[in-house]
Amino acid sequence: MELSKIYKIGYLGISLCLIFLVSCQSEKTAYLQKNQLVDKVYPLLDTQNSRWFYFSSASRPFGMVNLSPDTEINGDWGCGYKFDRDTIKGFSHVHEWQLSGLSVMPVVVSNENRKEIFKNFYSKFSHDTEKITPGYHLVILDRYQITSELTSTKRVGFHRYTFPANAQKAILLNLNTILGPCENTDGILEKDNDNELSGSLVLSTNFRRPKPLKVFFKIKLNVPINSVEKDSKTGNYLVNFGNFDKKILMKVGISYTSVENASFNLQEELPHWDFDKIVEASREEWNGLLGRIKIEGGTEKDQRRFYTDLWHALQGRKMISDANGAYPDNTGEKFRIGQLPIDAKGKPKFNQYNSDSFWGAQWTINTLWGLAYPEIMDDFVHSLMQYYKDGGMIPRGPAGGNDTYVMTGASTTPFIVTAIQKGIVKDDLESIYIALKKNHMLNGIMGKAGYEHNTNSGGGLKYYLDKGYVPYPLPEGQFGSHQDGASQTLEYAYQDWTLAQLAKKLNHEEDYKYFLDRSQNYKNVFDQSSGWMRPKNVDGKWLANYDPYKYENGFIEANGAQATWFVPHDIEGLVKLMGGKVKAVEKLNTQFQTAKKMKFTSGTSHDAELHPEFSRIPINFGNQPSIQTSFVFNLIERPDLTQYWTREVIKETFSGLSPTTGYNGDEDQGLMGSLNVLLKIGLFQMNGGTDANPVYQIGSPIFNKVLIQLNPDYYKGKEFVIEAVNNSAENIYISKTKFNNKPVENFTVSHNDITGGGELILEMANKP
């Protein structure tokens, strides 16, 4: 990026203003330096198809605070920061899976608007004057001519407001409202002294999160408070400051346990008032993580999209524990405040997390985190086990201190198993195995359908154990979402295989054979007469008038054509059912040829998958069930087709850099961002890295060189390098492969070899 360029934001995706100049010389700090990786990130990617937790600006990696403007509220999908809206409705501190709260808005109070300001406080804004980079957001509120700047630490939001001269300054707290996926109720605000406020609000229940959660906050200001007014109709509070010529700085610490801990978080993480210093620290933190993977080659657009993908892979799934290790535990009948174990320095040994589902993680964060960010994977495994210790079950998508049972199966099993197989998690393996095994048995999480909170029937596990498949429909009726028996059978079979690998590692031979046998249940929903996976009813009869292209016809967020390839643990067995490798290659290649006409996705948003014109696509890279398919070719002796189709998917689907494109509206907290990174560096793990010595399938990297910095606390190597010689948009095929000067067979390289350090040399050509 040239030093002199300034990128302006525009609706059609004109590049974001990542490098900007501040007129006031005293505010020129290190965060204005250019040519850093953080400046390649394009935060507006796909914000036209936004979701409450999708957009991020003034946040830290996995921080409790995810501070950003809201242009749309009152919902989950299409809410939060949506690019085509022209009105700011507040700055919210909590944008997370099933959590939303603490919205504030700086305002100018006058005699004309004082009576209505409590309910009519929104302001127009323009993208032309907006500035966004990871960890920082500047927006001008046109109605009040207030320049609003946002940044944060992990648990503290930091605001800087520049008001017009001679303005009656105030900040409105919208504590009783509907923001994203839940209503905010019982909001209270108290003035502690002339410069401090505290309060709380309740995140009410919803369909996915049936237990309420309280958010506590502590606010400190650099100017004295004149008065605090409460409106009886809206429940909103107006904090008045009067008329003076000074910027207002506001620090907002949050906690899910107490005001005292919110205050502790604030004091621990932000004891000073240097706003620019925090912006710089945020940039440094993001640069450090983004810099774990350095790339050379490709276009400037390719590089910017890559680091935007990597940024997304590192920003979902927020922590809910305080700096002292206190956290909300909602797993029991009564809410309690839990305490994480403390190390010798008095710091928590790990963080507790809120998280969307791990459904699809086997092809995304499992591989990326396990390779470049093992410490993050380590942290999450311990968090998942803390849920087990508290509530007796490892969750698959916890929100507010308890599981939401989002999606299906035991999707955290592959995640935890790969962390063990890669040597990231080494302790208490027997305890972890017992916990995982419980999830795979009756009354465990595998028996629950999506959002099935009160029963254990929707997952159809008793039929899976008795008959070898989950029937569709379930004869007992509906108990939750995603009761799609054919998909559930495929999912359970793969997850059983991953648990079998851990049983084998721990010398549980009987369990190994038991779960390995269960992992073959996928064969019971393969209909050889049609060549597709096909739902069966409880009597063993195939679904009549079966259409493999009909969406959610016994399959979860997919159709039968897409889901047929969901056998990541036994592609060889699947190919035999299909009649051999030649037939399998022809079948899958034809699906890709058809899918290319629709750019490999079901429209540009998640809900578009339901539309008839999009739902019949045979391969869909806009949702998790078939995102592995281009690498299936590697396992059936056609690596050239893996290389060709992966490049096509990247070109047609994952190269855009505008608010209107990106992930087609279903990024799911780092999953699709991680997938993009893996496809573009040319590494993949079909079984999620869950075998004894995990291997990576080699694809066709779009960059000339990829350097992955290895974490010395986990791996003995310093760095792993991929060099693609003669790489170009035309030279997409690999003609020769060497790792540390030795030939590579079968286009695979082991995890131990990679993490031992070295260089993978790929000679590229324009023909297979």
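Read the figures in this text as sums done on the coordinates, not as results from a lab. Quantities reported herein were computed from a predicted structural model and do not represent experimental measurements. When we count neighbours, we look across all protein chains shown, and the Cβ atoms used for this are built from the backbone with ideal geometry, even at glycine.
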_Could you check the spin-label model distance between Ile342 and Asn35? Points 7 Å from the Cα along Cα→Cβ, value in nm._
4.7
*asked:* Based on DSSP loop calls and a cut-off of at most 10 other Cβ atoms within 10 Å, the longest stretch of the chain free of exposed GluC sites (Glu not before Pro) is what?
replied: 334-744
_the chain - convex hull of alpha carbons, volume per residue in Å³_ = 152
_Based on Cα coordinates alone, diagonalise the gyration tensor for the range 25-290, multiply each eigenvalue by 5, take square roots, and list the semi-axes in whole Å, largest first._
25, 22, 19
*So what's the Cα pair-distance distribution over the range 727-768, bin width 5 Å, in %?*
6, 23, 27, 21, 15, 8, 1
*Percent of alpha-carbon pairs separated by more than 23 Å within the range 410-518*: 28
*asked:* Using DSSP to call loops (not H, G, I, E or B), can you name the trypsin sites (Lys or Arg not before Pro) in the range 285-337 whose Cβ has at most 15 other Cβ atoms within 10 angstrom?
replied: Lys334
*Cα centroids of the range 378-457 and the range 266-313: how far apart, whole angstrom?*
31
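As an exercise, use a Förster radius of 22 Å and the Cβ-Cβ distance of Trp273 and Val228 to find the FRET efficiency, rounded to the nearest 0.05.
That gives a FRET efficiency of 0.55.
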*asked:* So for each of 538-551, 675-688 I average, over its residues, the number of other beta carbons within 10 Å; can you give me the resulting order with the highest mean first?
replied: 675-688, 538-551
*Near-label residues of the range 629-668 by backbone N, under 18 Å of a point 7 Å along Cα→Cβ of Lys301*: 647-664
*Tell me which residues come under 5 Å, amide H to amide H, from Gly101 once H is placed; ignore anything under 5 positions away on its chain.*
His93, Val94
